[in-house]
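For reference, the structure discussed in these notes is given below.
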Amino acid sequence: MDIVTDFWLNNPDEMAGRLDSLAEQSEFPVQSFRFGKSWRGRDLVGFRAGSGRLNLFVVAGMHAGEHPAPYGILSFIHTLSTGRDLDDKDVSEWVDRTLTEQTITLVPYLNIDGGIRMSKILPGCYLNNRFKTSDTEEFDHWVLDPMPYFGLRRRRNLYLTDEQRRIWTEEKGGYIGQLFSDQGVDLWEDWKNFRAPETRALRDLIEPLRPDCIFEMHCQDSFHSQMFVPLSSAEGEDQLTQLRYGEEMMTALMEAGIPSSTQSCRPYSVPPDWNEFPDYVYRKYRCLSLFGEVNMSHLFDHRRDDFGDDPLYRRGLEKPLPTQEQILRGVWIWLKTLVDMGGAREYR
C-alpha cells in the first residue's frame, strides 16, 4: 500500500466519492452521508462508523488549503471501513469492538469550496510543491488576502462583505486567501453569527448527537504538529482531562517516530471570547474538546526567526519536518490513540 498515492488526493472534490465507495464496499456498520450544502452549492459530506453509546465527533478542513488533516482522516476512515491499517495489517477485531462501543462521526473537509479553490493553485495539494521556505511574502498573501487591503483583522468574526468580495475578485482580480470560504467567511470564527451555510450545517449536525468528545484539526506552517490544550475556555478538572488526552496523543506520535513538537501540549494563547469552534462546542456541550495542528511539511524561515527566542517554541525548531507519508500516519495515529483512550475512559 502506497498511502500517499492512496489517500493524498489531488483535489478535495474527490473526497465525497471516496467516502461513498468505502461505505458501499464495507462489511462494517458504516455510512457516508450529506448534511447540507456549501455556499457554492456543493454537498457537505460526512462519514459515520459504529452504533455504540460513546459518541466521538471529528472535523477538519475549516480553512481552505489545509489539506493534510482531511487526507489523514480519509486514511483512518479507510481502516474503519476495511479493517486494515496503513500497513495493510488485519485490525478487523479492533474495528468490530470499537464500532460496537462507539459511534464515530467524521467531517473531513468542511470548507469544501475553499479546498477545491486552493487545490487549483497548489499543485498536488502540497505546500512544498509551490512555496520555498523563503517565500514569506507570497505565502502571507496566499493565506491572508484580502485582509491587508481592507484593514481586516482576525479575532473579530472575520468575514468579507459582499461588496468587499466583489471589489477584490472582480475589480482587483485577486483570489481569496486560505482563511476564507468562497463566501468570504472564516468558518472558524463564525460560531456567534453563523453567516455561512457550512457553519450552520455543522452546528445542526452536532446538536442532536450530544457528543462525548469533539476533536478539531487544522494545519500549520509555523510549528511542528502539536496538540493545543487546555483550551482557553476550559475550566477546573476539564483542563487536566484535555491535557491527559493531548499528552497521550503526542506521546503516540513520538513513539512512532513521527516528527512533532518537542514541547508536547501547549495552551492556545487566544482570548477566551474569541469565537473559535472548539471553545464554542466546549461551552455548549461540556464535552471533551480537543484541538490539534498538523504540520504541512513546511516551516518558513521567518517563523524560525520569530520563534527562536520564544520559550514556547524554540526547542526543536531544527527538528526534521514530516514527509507526506508521515503526515498521514500522524493523523491516523492521533485518531487511533484518541479512540482507544476514549473507549477506556469514556472520554472523561
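The values are calculated or read from the model by the stated rules, or taken from the named source; none is laboratory data. Quick caveat, the model's predicted, so the values are computed rather than measured. Here Cβ is always computed from backbone atoms with ideal geometry, including for glycine, and neighbour counts include all displayed protein chains. Only protein heavy atoms, including side chains, enter the accessible area calculation; ligands, DNA and RNA are left aside. Shrake-Rupley method; radii C 1.70, N 1.55, O 1.52, S 1.80 Å.
Quick check on the range 334-346. Is at least one of its residues in contact with a His (Cβ under 9 Å, 6 or more places away or on another chain) and either within 23 Å of Pro230 (Cα to Cα) or of a type in the set (Gly, Ala, Ser) (or both)? Within the range 334-346, none of the residues are in contact with a His (Cβ under 9 Å, 6 or more places away or on another chain) and either within 23 Å of Pro230 (Cα to Cα) or of a type in the set (Gly, Ala, Ser) (or both). Among the conditions (1) outside any helix (DSSP H, G or I); (2) of a type in the set (Phe, Trp, Tyr); (3) under 19 Å from Asp20 (Cβ atoms), the only one that Tyr71 does not satisfy is (1).
Residues in the range 316-347 that are open to solvent by less than 50 Å² (accessible area, probe 1.4 Å), in contact (Cβ under 8 Å) with a residue 24 or more places away in the chain and part of a loop (DSSP other than H, G, I, E, B) were compared, and the one that is nearest to Met1 (Cα to Cα) is Pro322. Picking from residues in the range 1-31 that are touching a Leu at 6+ places or on another chain (Cβ under 6 Å) and within 16 Å of Gln324 (Cα to Cα), the one that is surrounded by the fewest Cβ atoms within 10 Å (Cβ to Cβ) is Ile3.
On inspection, Tyr313 does not qualify as under 24 Å from Glu101 (Cβ atoms) and either buried (at least 18 other Cβ atoms within 10 Å of the Cβ) or in contact with a strand residue (DSSP E or B) (Cβ under 9 Å, 6 or more places away or on another chain) (or both). Restricting Glu170, Glu138 to those that are closer than 17 Å to Gln183 by Cα, out of contact with any Lys or Arg (no Cβ under 6 Å at 6 or more places or on another chain), open to solvent by 40 Å² or more (accessible area, probe 1.4 Å) and assigned to a helix (DSSP H, G or I) reduces the list to Glu170.
The requirement of being over 16 Å from the mean Cα position of the chain (by Cα) and among the hydroxyl-bearing types (Ser, Thr, Tyr) is satisfied by Ser38. Of the residues screened, Glu216 is one that is open to solvent by less than 20 Å² (accessible area, probe 1.4 Å) and within 28 Å of Gln326 (Cα to Cα).
Checking the stated criteria, Ser233 turns out to be in contact with an Asp or Glu (Cβ under 8 Å, 6 or more places away or on another chain), open to solvent by less than 50 Å² (accessible area, probe 1.4 Å) and at pLDDT below 90.
Could you go through the range 50-68 and let me know if any residue there is more than 28 Å from Lys89 (Cβ to Cβ), surrounded by 15 or more Cβ atoms within 10 Å (Cβ to Cβ), touching a residue at least 12 places away in the same chain (Cβ under 8 Å) and more than 15 Å from the chain's Cα centre (by Cα). No - not one qualifying residue is present in the range 50-68. Being out of contact with any Phe, Trp or Tyr (no Cβ under 6 Å at 6 or more places or on another chain), farther than 26 Å from Leu22 by Cβ and in a helix (DSSP H, G or I) is the requirement here; does Asn157 meet it? Considered against the rule, which asks whether it is out of contact with any Phe, Trp or Tyr (no Cβ under 6 Å at 6 or more places or on another chain), farther than 26 Å from Leu22 by Cβ and in a helix (DSSP H, G or I), Asn157 comes out as no. Anything in the range 173-189 that is of a type in the set (Asp, Glu) and either open to solvent by 10 Å² or more (accessible area, probe 1.4 Å) or at pLDDT 95 or above (or both)? List them, or say none. Passing the criteria: Asp182, Asp186. In the range 160-189, the residues that are within 18 Å of Arg117 (Cα to Cα) form Cβ pairs under 7 Å with partners that are of a type in the set (D, E, K, R) and in a helix (DSSP H, G or I), at six or more places apart or across chains, as follows: Ser181/Asp113; Ser181/Glu198; Asp182/Asp113; Asp182/Arg117; Gly184/Arg165; Leu187/Glu198.
Per the conditions (1) open to solvent by less than 10 Å² (accessible area, probe 1.4 Å); (2) within 20 Å of Met217 (Cα to Cα); (3) assigned to a helix (DSSP H, G or I); (4) hydrophobic (A, V, I, L, M, F, W, C), the sole criterion not satisfied by Leu99 is (2). Within the range 299-321, identify whether any single residue is within 18 Å of the chain's Cα centre (by Cα) and among the hydroxyl-bearing types (Ser, Thr, Tyr), and answer yes or no. No.
When residues in the range 6-35 are screened for being within 20 Å of the chain's Cα centre (by Cα) and more than 21 Å from Asp96 (Cβ to Cβ), 16 of them pass.
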